[in-house]
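Down below is the structure, laid out as structure tokens.
Rule-based calculations on the coordinates, nothing more; no lab input. These figures come from a predicted structure and were not determined experimentally. Neighbour counts run over all protein chains shown; Cβ positions are idealised from the backbone, glycine included.
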Amino acid sequence: MSLKIGDNCPEFGVKQKDGSHFKITDLFGKKNLVIYFYPKDFTPGCTKEACSFRDNYEVFQTMDCEVIGVSSDTDSSHDKFAKRHKLPYILLADKGKLIQKAFDVPKSLFGLLPGRVTYVIDKKGIIIGIYNSQTDPVGHMTKAKELVSSLQ
């Protein structure tokens with residue numbers, strides 16, 4: 001069953017490299033959220049997408065919004081990716097693809113590639129927007145910014 005606008009954000013938590021536990025529910029009621037799923041660290045499209053969110057991160061912050069990137073890469077890969085591209089937001093390592101399954105992120109290219117999907121979630125934990133495009137990585141940030149600004 002695919003998630004749709006108006007659905008509740010799936011609740012999830014992951015253990016991070018530093019031993020802390022990230023729980024999405026800790027942000028409910030406090031922040032609007034942009035959760036973007038991307039295929040792989042360091043690939044051209046994913047780097048463009050990550051850097052577009054980086055370049056607009058302060059704008060998202062002024063709109064009381066947290067950005068979270070999710071892929072099945074390792075914590076170590078995420079650390080290197082974040083450092084190389086100076087990414088200021090949260091990157092989550094989705095071990096076992098449990099978060100992707102919770103969000104029902106579709107695969108692309110005949111099921112060979114992990115999907116590229118962005119979810120915009122309001123402070124109440126309700127999905128207000130979904131953008132699914134493998135070929136428009138920068139469009140994910142643009143659409144997310146439009147939707148978050150509509151909440152202001």
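Brief remarks follow.
- Dipole magnitude for the chain: about 240 debye, using +1 per Lys or Arg Cβ and -1 per Asp or Glu Cβ, origin at the Cα centre.
- Low-density loop positions, chymotrypsin sites (Phe, Trp or Tyr not before Pro), segment 33-116 - DSSP coil, at most 14 other Cβ in 10 Å: 42, 110
- Net dipole in debye of segment 77-152 [+1 Lys, Arg Cβ; -1 Asp, Glu Cβ; about Cα centre; nearest 20]: 300
- Environment charge of residue 127, counting only residues whose C-beta is closer than 12 Å and scoring Lys/Arg +1, Asp/Glu -1: -1
- Added length on full extension, which subtracts the Cα-Cα distance from 0.36 nm per residue, residue 97 to residue 152: 16.5 nm
- Gained length - residue 16 relative to residue 30, 0.36 nm times residue gap less alpha-carbon distance: 2.9 nm
- Annotation for residue 23 and residue 80: the two label points, set 7 Å from Cα along the Cα-Cβ direction, are 3.3 nm apart.
- Our helix-only sum for the chain, with -39,500 (n - 2.57) per DSSP H run of n ≥ 4 divided by its residues, gives a mean residue ellipticity at 222 nm of -9500 deg cm²/dmol.
- Kirkwood Rh in Å, taken over segment 30-150 so that all alpha-carbon pairs contribute: 14.2
- Estimated inter-spin distance, residue 4 and residue 126, nm [label 7 Å along Cα→Cβ]: 1.5
- Net +/- balance of residues flanking residue 151 in space, Cβ distance below 15 Å, scoring K and R +1, D and E -1: +2
- Cross-link pairs 17/80; 48/124; 17/101 - those with Cα-Cα distance over 23 Å: 48/124
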